[in-house]
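Since the structure comes first, as structure tokens, the remarks are kept for the end.
The values are calculated or read from the model by the stated rules, or taken from the named source; none is laboratory data. Since we're looking at a predicted model, the values are computed, not measured. Virtual Cβ from ideal backbone geometry, glycine too; neighbours counted across all protein chains shown. Accessible surface areas use protein heavy atoms only, side chains included; no ligands, DNA or RNA. Shrake-Rupley method; radii C 1.70, N 1.55, O 1.52, S 1.80 Å.
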Amino acid sequence: MFAIEVENLTKEFDGFVAVDNISFSIGKGEIFGLLGPNGAGKTTTMSMLSTTLKPTSGKAYVNGFDILKNEDDVRKSIGIVFQDQSLDEELTAYENMDFHGRLYRVPKEERQKKIAELLKLVELEDKKDNLVKTYSGGMRRRLEIARGLLHEPDVLFLDEPTLGLDPQTRNHLWDYIEKLNGEKGITLILTTHYMDEADKLCNRVAIIDRGKIIASDTPEKLKDSIGGDVITIHSPQKNDLYEIIKDQTWVKHLDLHDSSLTISLQNAGQHVAEIVNLSSEKGISIDDISIHKPTLEDVFLHYTGRTIREEEANTKDRMRMMQRVRR
Amino acid sequence: MDIVYTIWLRNVKRYLRSRSRIVGSLGMPLFFLLVLGFGLNSVVTLPGMEHGYTGFIIPGIISMSVLFTSVFSGIQIIWDKQFGFLKETLVAPVSRLEIMLGQTIGGATASVIQGLIILVLSLLIGLNITSIPGFLIAIVFMVLIGLSFTAFGIAIASRMEDMHGFQLIINFVVFPIFGLSGALFPIDSLPSWLRSLTLLDPLTYGVEGIRYGLLGSSQVNPLLSFVVLTGFTVFMVVFGAYLFRKISI
Ligand SMILES: Nc1ncnc2c1ncn2[C@@H]1O[C@H](COP(=O)(O)OP(=O)(O)OP(=O)(O)O)[C@@H](O)[C@H]1O
Ligand SMILES: [Mg+2]
């Protein structure tokens, strides 16, 4: 049985299609990633699956429960860590946990035991009686994750779990997420726009852009699908370069971007010299040329023609981070 | 009931922790009590003021304190919305009615405590509580004002996106409710058109009920006050719950 099944799910906001007819399924015990730039529809998808937003059309089942007909059963069986903070700052960490446990009707003794256990797990037990407003961004995030686990959900939703955290804390959280999945067999569905995060954590990834799922597979297969290697070239005459390279037989895929040109191909090392020769024959200068194994970034580029970072130049992200810190 | 209690507990904890709010919202009622009470005590004598003007307005000032605290407590849901905490509550497998009731009772608790503080301070400036049943009657009316106006605040908050409209509500809704309630003047001495207007104000029945409890006399029959205010409370809670059910996050 699947932990999550989604069939033709769509959400429109006043005619604007935020989630466009998506379908996917997630097996029990999987770590599944929704990867996409700002505004792709990740949070909207999560909100629909966690029953806080009604879909415009389509169906979805979480732990076998229909998100439209069995809202309460869905809610009982999931935990969710929202993209934006959702703690009560005027309460202590312990009180936030306790409030959650009571809302989910966890019996008193079990509640106390689990809270102690979880706070220890996220290394907050010595600060448990401090008000949350004195916590750092990373501590808050860990507390939110601990809270999401208190009622032992079968599926945990993590919306941008590491947004705005420093690399050390991110690594720490990743380890922790893997441990949860490994030891408790919890199914995890997480959204991110960090490629490395999706690559490291997820068994399977769906790349979502402008409301549509444009590719879905294991990170390895996605990367393999675009060919063995990627060459990136920076050149002032990239358009001319594009013209001469596009007819080469060894090119699997060629993309032109704002500042660069990327070529997907097998055995890049053999062809670099050829590219350099061709371009010097035609008098095209090259600023920089590099070879690397494809990343999910290249996969995104391959399917959308844009890099996810071009999208991200957006200030929304930075604003959110600042908000997080200020709060 | 567990859920209602949980929400109530959180509200009361937050209230008790916000010392500055507790002290701050005593400011205006005390100002009215002292300035109007002592300022006008020797000048104003009207029918229905056997206890002097100060004694007369004490129930009004207590109502004021309960009114403002409760509307404010209800509207605080907007903060929960902005700070994200409301999502945590709404995504849990509990009904919105339970959440709304917990908030309402929590706000009423805070506002009754606030009213009781004014009551205690009034004892220092000469109020005498002569009958325990009277005191209890006053409490009952405070509770009703607290419940109805917290629900009123929740109803407003359910329709508001952010705190921008807050001043508007305070100036154009809450102050008129207070001003028209007969908290500061005896309604029997008013011109009849104005008197009818005060009788449309639900707070009038609260003020008169508390006045009956504390001073032993009032200008509106206490039983009528009780019935009207109870009816208003039931209506507001139902209305607030209805709007809260449709709140979007
Ligand atoms: N309540 C709403 N009303 C109108 N439009 C909305 C609403 N919620 C989301 N949208 C729009 O739907 C689109 C998808 O938003 P969503 O929050 O799902 O994106 P996301 O993938 O989570 O992005 P991010 O990485 O920034 O969190 C965006 O264009 C957004 O503006
Ligand atoms: Mg999002």
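Just a few scattered comments:
- Residue pairs meeting the criteria (Cβ under 9 Å; at least 6 apart or on separate chains; first farther than 30 Å from residue A:284 by Cβ, in the stretch A:218-234; second open to solvent by 60 Å² or more (accessible area, probe 1.4 Å) and in a helix (DSSP H, G or I)): A:219/A:200
- Remark: pairs (first residue in the stretch A:40-57, within 11 Å of chain B (Cβ to nearest Cβ); second residue near ligand 1 (Cβ under 8 Å from one of its atoms) and of a type in the set (D, E, K, R); Cβ separation under 6 Å; 6+ apart in sequence or on different chains) = A:46/A:159.
- The set of residues in the stretch A:96-128 being closer than 17 Å to residue A:139 by Cα and open to solvent by 30 Å² or more (accessible area, probe 1.4 Å) consists of A:116, A:117, A:120, A:121, A:123, A:125, A:126, A:127, A:128.
- All conditions in (1) within 23 Å of the chain's Cα centre (by Cα); (2) of a type outside the set (Phe, Trp, Tyr); (3) away from ligand 1 (no atom under 16 Å from the Cβ); (4) at pLDDT below 95 hold for residue A:40, with the sole exception of (3).
- Scanning the stretch A:278-303 for residues that are polar (S, T, N, Q) and either open to solvent by less than 30 Å² (accessible area, probe 1.4 Å) or touching a Lys or Arg at 6+ places or on another chain (Cβ under 6 Å) (or both) turns up just one, A:279.
- Here the stretch A:5-56 is the region considered, the condition is being open to solvent by 30 Å² or more (accessible area, probe 1.4 Å) and among the basic types (Lys, Arg), and the residue that is farthest from ligand 2 (Cβ to nearest atom) is A:28.
- Annotation: of all residues in the stretch A:83-130 being in a helix (DSSP H, G or I) and among the basic types (Lys, Arg), the one that is farthest from the other protein chains (Cβ to nearest Cβ) is A:120.
- In summary, residue A:81 fulfils each of the numbered conditions (1) on the phi < 0 side of the Ramachandran plot; (2) without any contact (Cβ under 8 Å) to a residue 60 or more places away in the chain; (3) among the β-branched types (Val, Ile, Thr) with the single exception of condition (2).
- Exactly one residue among B:104, B:89, B:69 is part of a helix (DSSP H, G or I), within 13 Å of chain A (Cβ to nearest Cβ), polar (S, T, N, Q) and crowded, with 22+ Cβ neighbours inside 10 Å, and that residue is B:89.
- Close Cβ contacts (under 9 Å, 6 or more residues apart or on different chains) running from residues in the stretch B:230-249 that are at pLDDT below 95 to residues that are open to solvent by less than 30 Å² (accessible area, probe 1.4 Å) and within 16 Å of ligand 2 (Cβ to nearest atom) comprise B:249/A:47; B:249/B:84; B:249/B:91.
- Condition check for residue A:77: under 19 Å from the mean Cα position of the chain (by Cα) and within 13 Å of another protein chain (Cβ to nearest Cβ): no
- Members of the stretch A:57-70 found to be within 17 Å of residue A:21 (Cα to Cα) and either within 16 Å of ligand 2 (Cβ to nearest atom) or open to solvent by less than 10 Å² (accessible area, probe 1.4 Å) (or both), listed by number: A:60, A:67
- Within the stretch A:130-173, being free of Cβ contacts under 8 Å to residues at least 40 places away in the same chain and open to solvent by 40 Å² or more (accessible area, probe 1.4 Å) holds for A:130, A:134, A:136, A:142, A:152, A:166, A:167, A:168, A:171, A:172.
- Take the conditions (1) more than 16 Å from ligand 2 (Cβ to nearest atom); (2) closer than 17 Å to residue B:248 by Cα; (3) surrounded by fewer than 17 Cβ atoms within 10 Å (Cβ to Cβ); residue A:84 misses just one of them, which is (1).
- Selection of helices (runs of 4 or more DSSP H) fully inside the stretch B:172-232 by the criterion of at least 3 residues being surrounded by fewer than 16 Cβ atoms within 10 Å (Cβ to Cβ) and not basic (Lys, Arg) returns B:175-179, B:192-200.
- Looking across the stretch B:186-226, the residues that are over 18 Å from residue B:236 (Cα atoms) and charged (D, E, K, R) come down to B:188, B:195, B:208, B:211.
- Single match in A:254, A:188, A:158, A:173 (criterion: within 16 Å of ligand 1 (Cβ to nearest atom) and of a type in the set (A, V, I, L, M)): A:158
- Any hit, the stretch B:21-34, residues being open to solvent by 10 Å² or more (accessible area, probe 1.4 Å) and within 14 Å of chain A (Cβ to nearest Cβ): yes
- In the set (1) away from every other protein chain (no Cβ under 14 Å); (2) more than 24 Å from residue B:58 (Cα to Cα); (3) outside any loop (DSSP other than H, G, I, E, B), the condition left unmet by residue B:161 is number (3).
- Note on the stretch A:245-327: enclosed strands (runs of 3 or more DSSP E) holding 2 or more residues that are within 30 Å of residue A:202 (Cβ to Cβ) and modelled with pLDDT under 85 are A:253-256.
- One residue from A:247, A:240, A:217 being among the charged types (D, E, K, R) and closer than 22 Å to residue A:35 by Cα: A:217
- The stretch A:3-19: number of residues that are among the acidic types (Asp, Glu) and within 15 Å of residue A:59 (Cβ to Cβ): 2
- Of the residues A:151, A:172, the single one that is over 16 Å from the mean Cα position of the chain (by Cα) and in a loop (DSSP other than H, G, I, E, B) is A:151.
- Residue ID - farthest from residue A:63 (Cα to Cα), chosen from residues in the stretch A:186-207 that are open to solvent by 40 Å² or more (accessible area, probe 1.4 Å) and in a loop (DSSP other than H, G, I, E, B): A:194
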